Each structure stands twice: as C-alpha cells, then as structure tokens.
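Heads up: the structure comes next, in structure tokens.
The values are calculated or read from the model by the stated rules, or taken from the named source; none is laboratory data. Predicted, not measured: the structure shown is a model, and the values here were computed from it. Methodologically, a virtual Cβ is constructed for each residue, glycine included, from the backbone with ideal geometry; neighbour enumeration extends over all protein chains shown.
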Amino acid sequence: MTPASVRDRLLERATLLVPVGTTEQHGPHLPLGCDTMIVERLADDLSAGFGIPRAPTVEYGVHEPSRRFPGGAELRRRTLHRVMNELIESWEAGAAVREFIILTAQASDAHLEALSTIRTDGATVQVMDIFSLDFGSLLEQPGAPVQGGELDTSLMLHIAPELVRMELAQDFALTPAMLTRYRPGHSRHLPAGSPGSVGYPSLASAQKGELLYRFILDRIRGSLAGSSDA
C-alpha cells in the first residue's frame, strides 16, 4: 500500500492489525514459524473482510527453548517489549492509529506479557492470543498443550498442507507431573524424551483445521465488529 492508501483506509477506521509470530519449532512434522503462518493468514483475511490495513508481520517472539533446534530463534521479553513499543509509537504518531489489534499464537507468559504491557499516548491495544480460546468439542483432546499437537497441526494442514510432514509426526503424551509444569505460569520447557512437540498430532486433519480456523476467525470478527460500534 502507498502512504496515501494507508491514510485513506485509516480515515475510515483508525485501526491497525499487527500479526506477531515466532520462529519456533513445533516438532519434526511442522515447519519453523507455523505460529507466524497462522496469524498472517488470519490478518490477511481480517484485513480483507473489514477493510482494515495490516502491518508487516513481526516474525520473532518470546519462547523458552529447553533444547535448541536448528533454525529456531527467539527474543528476550524486554527486547520484544521495546520493539513493539517503538513500532506502536511510530504508527500512533505518524499515522494517527487509535486502535491496535495484535494477533498472536504463542502461549508463553513472557511473550504475552511483552505484548500486553505496551505503552501508548492514548491509542488502545488489544492482544488476541488465538490459542487461549476454548475450542471445546472441536478437539478430541481439548485443553492439551499447544506445541505441535492436534490443534496447531490441524490448522497447518488447512492453511499450508504442503509444508506438513505427517509421516514424521510423533504423539507424546504428558504425564500428570509434566502437565502440571506445562500450565501457564510455569516454564513450559519441553519434557525429556519429547521429539520437539507434545500432544497428539496423529489426531489432526485438514477438515478439523478448517473448522478450527473458522471458529477462530469468527471469534475475532465478532470482537472487531463490536469495537467498531463502540
């Protein structure tokens, strides 16, 4: 978009979509950065549906790797916080954006803290972590950790099936003790013996991914429609 096009769109509604991903591995069967791919697709569809401009994707986020995997890269919490503050400040001052919708798909407490504590001169900031939604009966294992399991593998089979290697997928069930440590507020480090993912990617399917994606999109659409009426 040209500067004039951005100005005209923001005059209609001074809202900017900001997708924030990660460059993290999710097991041997998924591509690096699948969180990024998911929020980029959502941002594109929401931008087209509401006529809201979207910012270029921030492809790096905060996660806490207990083991290093080739290609993975992360930021410290304070680094992401500073980067986002400077970007938001620039868009608020230079383009008069009054509402920021940050889309992310990363359950790390530090990642979400960096995004939810952004400072502005008056604009509102809403952080939407899509993996915090209650997917209920859409999943065969609801409430399972999101790290290359049923949820994100299904979404990727819908969004970019050519990048998914299901023949390499390995189920890894968490013991009760492991599950306790994987809850929000804990380190969420990969358990010993994990192939890089946890949960049940074998339960994933493209059909399930389409239903999950529509569910996520509908929830965010409802929130965006509500904020435009406020």
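Worth a mention:
- Once the stretch 100-123 is narrowed to residues that are among the β-branched types (V, I, T) and touching a residue at least 40 places away in the same chain (Cβ under 8 Å), the residue that is farthest from P53 (Cα to Cα) is T104.
- Residue within the stretch 138-149 that is at pLDDT 95 or above and within 17 Å of T23 (Cα to Cα) present: no
- Exclusive hit being in contact (Cβ under 8 Å) with a residue 60 or more places away in the chain and under 12 Å from the mean Cα position of the chain (by Cα), set V18, V97: V18
- Matching residues, the stretch 46-89, being more than 21 Å from Q25 (Cα to Cα), in a helix (DSSP H, G or I) and in contact (Cβ under 8 Å) with a residue 12 or more places away in the chain: L46, S47, G49, F50, R78, H81, V83, M84, N85, L87, I88, E89
- Meets criteria (modelled with pLDDT of 95 or more and touching a strand residue (DSSP E or B) at 6+ places or on another chain (Cβ under 6 Å)) for T104: yes
- Which numbered condition V83 fails, given (1) in contact with a strand residue (DSSP E or B) (Cβ under 8 Å, 6 or more places away or on another chain); (2) buried (at least 19 other Cβ atoms within 10 Å of the Cβ); (3) at pLDDT 95 or above; (4) within 27 Å of H189 (Cα to Cα): (2)
- Taken over the stretch 14-31, the criterion of being modelled with pLDDT of 95 or more and assigned to a loop (DSSP other than H, G, I, E, B) is satisfied by A14, G21, P28, H29, L30, P31.
- Of the criteria (1) in a loop (DSSP other than H, G, I, E, B); (2) aliphatic (A, V, I, L, M); (3) at pLDDT 95 or above, which one L157 fails: (1)
- Among all residues of the stretch 2-12, there is none that is among the basic types (K, R), surrounded by fewer than 23 Cβ atoms within 10 Å (Cβ to Cβ), assigned to a loop (DSSP other than H, G, I, E, B) and at pLDDT below 95.
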